[in-house]
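S.K.: Mind having a look at this structure? Questions to follow.
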Amino acid sequence: MPTTAILSIDQGTTSSRAIVFSLSGQPIASAQYEFTQYYPQNGWVEHDPEEIWATTYKACKEALAKAAESDVDVVSIGITNQRETTLVWDRSTGKAIYNAIVWQDRRTAPTCNKLAPSLASVRAKTGLLLDPYFSSTKIAWILDNVEGARQLANEGKLAFGTVDSFLIWRLTNGESHVTDATNACRTNLYNIHNNQWDNDLLTLFNVPSSVLPKVLDSASDFGTTAQGLFNTQIPINGVAGDQQAALFGQCCFNTGDLKSTYGTGCFALLNTGKSALPSQNKLLTTIAYRINGKTTYALEGAIFTAGANVQWLRDGIKVIKVAKETQALAESLDYDHGVFLVPGFAGLGAPHWEPNARATMFGMTRNTNNAHLARAALEAVCYQTADLLSAMKQDGANSTSVWVDGGMVGNDWLCQFLADILNIEVKRPAMMESTALGVAYLAGLYQGLYKDFEEISTHKALDKAFLPAMPNDTRDHLCAKWEVAVQSTLHFANA
């Protein structure tokens, strides 16, 4: 008898992956393809929409073919995606009219500055800040900078979507122009309290309603793959932005549950239940998931570069050949090695939100080598996570442990240093593909393959727990030095 399974599409910032999961949350088959990052100007980051689609489709075909060899019946698809990345395409052709503008892109910072007087009303409705990170100003930029685009939009001939929406359009051959609440809430156009696109925000950001997708629950009927695309037509039933998907995949279903994902960037989300907890410390109030019309909220802190720091070491300054070298290099130094990296490669996210910040290195001597650079790049992620958790605590949201996932946390040294700096337990799950797993669970929930959250939670297993072991005075000293480095970077950004 065939094994029932779910295909998860994990379309990330640097690669497109497809993983076929069994109902117990175990990967059966997978495929992954990297794609090109474009940096046309300082602070600009773009992707080729056709490359996003091509790598996604290729990965899906390959994963499904591998799964078929094991007598697997794929009954549903879940999609998780890099959030805020913005595409606008022609409804008649399905072709994007401009490259995808990536979430890291800073080009609309001047627009955000001009809109600063509206910050309070934007924040009250969306839980977000005014920052180039979010989709709204990216949409307007495309409409204003591609010849004839705004006229076409006003005529209803263009469609906007985050990556999930674009992929669903392609997968269904244009039959479905939809998204889910977790992606909609990252646009700065969506009211997270009444779960609707907001006309006042559309006017503020100069975005016509005609381009917007329909917003569905995270577990819903998003359409069915077009005939001939795969060997059989498959329904799409789970969609969530990557960080919310990771929260779901980590089974953080209870108020106070906290996860932190270390991919290209780092994102810490804390489940706040039915309460959309406002932040006084520049964290984001966001939708964690929406199921059966009921919304669960989260408090989020975003770090723009985490794994991207290691990618810079490898591809930018070429001090390592592969990412796994960083663990041995970090272990070769003591705590007092003296070098700090503030990784403002794409500005600084929470709790600073300074788009003009740029990366800075402190404490270098003639003796500084690749070990110092590697360790500083890893440590920076831990210090920044500590800043996020400190902000959450000040907002009244606290947790005694954190579940971690993402490519970086396979590094034991990083996990231990993280526990030391956070001074709480760090838990690494046996299945670290939490993002892809989260939308598999959502799709399975919609299909009735899982009865409830409790049944999903039975599949979660701990790989390893890391307990803090650093002396308090050492932690305090390191964090104080880090704070000086951050403040110096912020001062330079505004000089």
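S.K.: Out of the range 364-397, which residues are in a loop (DSSP other than H, G, I, E, B) and either under 18 Å from Met408 (Cα atoms) or not basic (Lys, Arg) (or both)?
M.R.: At the first step, the residues of the range 364-397 found to be in a loop (DSSP other than H, G, I, E, B) are 364-369, 395-397.
Once the filter is applied, which keeps residues that are in a loop (DSSP other than H, G, I, E, B) and either under 18 Å from Met408 (Cα atoms) or not basic (Lys, Arg) (or both), the range 364-397 yields Met364, Thr365, Asn367, Thr368, Asn369, Asp395, Gly396, Ala397.
S.K.: Also, I was wondering about something else. May I ask you to list the residues in the range 280-294 that are in contact with a strand residue (DSSP E or B) (Cβ under 8 Å, 6 or more places away or on another chain) and either surrounded by 20 or more Cβ atoms within 10 Å (Cβ to Cβ) or free of Cβ contacts under 8 Å to residues at least 40 places away in the same chain (or both)?
M.R.: Result: Leu283, Leu284, Thr285, Thr286, Ile287, Ala288, Tyr289, Arg290.
S.K.: In addition: So Val215 passes all but one of these: (1) in a strand (DSSP E or B); (2) among the β-branched types (Val, Ile, Thr); (3) in the same structural domain as Leu348 (by TED's automatic domain parsing). Which condition number does it fail?
M.R.: The single condition Val215 does not satisfy is (3).
S.K.: Now for a different question. Which ones in the range 203-214 are surrounded by 20 or more Cβ atoms within 10 Å (Cβ to Cβ) and in contact with a strand residue (DSSP E or B) (Cβ under 6 Å, 6 or more places away or on another chain)? Walk me through it before giving the result.
M.R.: Going residue by residue through the range 203-214, those that are surrounded by 20 or more Cβ atoms within 10 Å (Cβ to Cβ) are 205, 207, 211-213.
Within the range 203-214, Val211, Leu212, Pro213 qualify.
S.K.: Take Ala323 and tell me if it is touching a strand residue (DSSP E or B) at 6+ places or on another chain (Cβ under 8 Å), closer than 28 Å to Glu34 by Cα and not assigned by TED's automatic domain parsing to the domain that holds Thr187.
M.R.: When the stated conditions are applied, Ala323 does not pass them.
S.K.: Phe248 - would you say it is buried (at least 17 other Cβ atoms within 10 Å of the Cβ) and part of a helix (DSSP H, G or I)?
M.R.: Criteria met by Phe248.
S.K.: Can you tell me which condition Tyr441 does not meet? The list is (1) within 21 Å of Gly238 (Cβ to Cβ); (2) modelled with pLDDT under 95; (3) in contact with a helix residue (DSSP H, G or I) (Cβ under 8 Å, 6 or more places away or on another chain), and all the others hold.
M.R.: Result: Tyr441 fails condition (2) only.
S.K.: If only one of Gln104, Gln32 is buried (at least 18 other Cβ atoms within 10 Å of the Cβ) and within 25 Å of Thr182 (Cα to Cα), which one is it?
M.R.: Gln104
S.K.: Which one is modelled with the lowest pLDDT among residues in the range 239-298 that are more than 15 Å from the chain's Cα centre (by Cα) and of a type in the set (Lys, Arg)?
M.R.: Out of the qualifying residues, it is Lys282.
S.K.: Would you please name the residue that is surrounded by the fewest Cβ atoms within 10 Å (Cβ to Cβ), looking only at residues in the range 351-362 that are farther than 22 Å from Trp44 by Cβ and in contact (Cβ under 8 Å) with a residue 60 or more places away in the chain?
M.R.: It comes out as Phe362.
S.K.: Name the residues in the range 78-109 that are outside any strand (DSSP E or B) and under 23 Å from Thr126 (Cβ atoms), would you?
M.R.: Those that are outside any strand (DSSP E or B) and under 23 Å from Thr126 (Cβ atoms): Gln82, Arg83, Glu84, Thr85, Val102, Trp103, Gln104, Asp105, Arg106, Arg107, Thr108, Ala109.
S.K.: Tell me yes or no: at least one residue of the range 406-423 is assigned by TED's automatic domain parsing to the domain that holds Gly263, assigned to a strand (DSSP E or B) and either surrounded by fewer than 20 Cβ atoms within 10 Å (Cβ to Cβ) or of a type in the set (Val, Ile, Thr) (or both).
M.R.: no
S.K.: Which pairs do you get when a residue that is at positive phi and in contact (Cβ under 8 Å) with a residue 12 or more places away in the chain, found in the range 154-173, comes within reach of a residue that is of a type in the set (Lys, Arg) and surrounded by fewer than 24 Cβ atoms within 10 Å (Cβ to Cβ), reach meaning Cβ atoms under 9 angstrom, with the pair 6+ apart or on two chains?
M.R.: Partner pairs satisfying both residue conditions: Gly156/Arg91.
This table checks each residue for (1) touching a residue at least 24 places away in the same chain (Cβ under 8 Å); (2) in contact with a His (Cβ under 7 Å, 6 or more places away or on another chain); (3) not acidic (Asp, Glu).
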residue	(1), (2), (3)
Ser8	yes, no, yes
Leu23	yes, no, yes
Ala29	yes, no, yes
Tyr33	yes, no, yes
Val45	yes, no, yes
Glu51	no, no, no
Ala54	no, no, yes
Lys61	yes, no, yes
Leu64	yes, no, yes
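S.K.: So is Asp200 modelled with pLDDT of 95 or more and either surrounded by 22 or more Cβ atoms within 10 Å (Cβ to Cβ) or more than 30 Å from Gly43 (Cβ to Cβ) (or both) or not?
M.R.: Against the criterion (modelled with pLDDT of 95 or more and either surrounded by 22 or more Cβ atoms within 10 Å (Cβ to Cβ) or more than 30 Å from Gly43 (Cβ to Cβ) (or both)), Asp200 does not qualify.
S.K.: Let me ask something else. Can Val310 be described as β-branched (Val, Ile, Thr) and under 22 Å from the mean Cα position of the chain (by Cα)?
M.R.: It is true that Val310 is β-branched (Val, Ile, Thr) and under 22 Å from the mean Cα position of the chain (by Cα).
S.K.: Now for a different question. In the range 119-137, what count of residues is obtained for those that are among the hydroxyl-bearing types (Ser, Thr, Tyr), touching a helix residue (DSSP H, G or I) at 6+ places or on another chain (Cβ under 8 Å) and either at pLDDT 95 or above or not assigned by TED's automatic domain parsing to the domain that holds Trp197 (or both)?
M.R.: Counting residues in the range 119-137 that are among the hydroxyl-bearing types (Ser, Thr, Tyr), touching a helix residue (DSSP H, G or I) at 6+ places or on another chain (Cβ under 8 Å) and either at pLDDT 95 or above or not assigned by TED's automatic domain parsing to the domain that holds Trp197 (or both) gives 3.
S.K.: Does Ile6 meet the test of being at negative phi, in contact with a Phe, Trp or Tyr (Cβ under 7 Å, 6 or more places away or on another chain) and in a strand (DSSP E or B)?
M.R.: In short, yes.
The values are calculated or read from the model by the stated rules, or taken from the named source; none is laboratory data. Just so we're clear, the structure is a prediction, and the values are computed from it rather than from any experiment. So basically every Cβ, Gly included, is an ideal-geometry build from the backbone, and we count neighbours across all protein chains shown.
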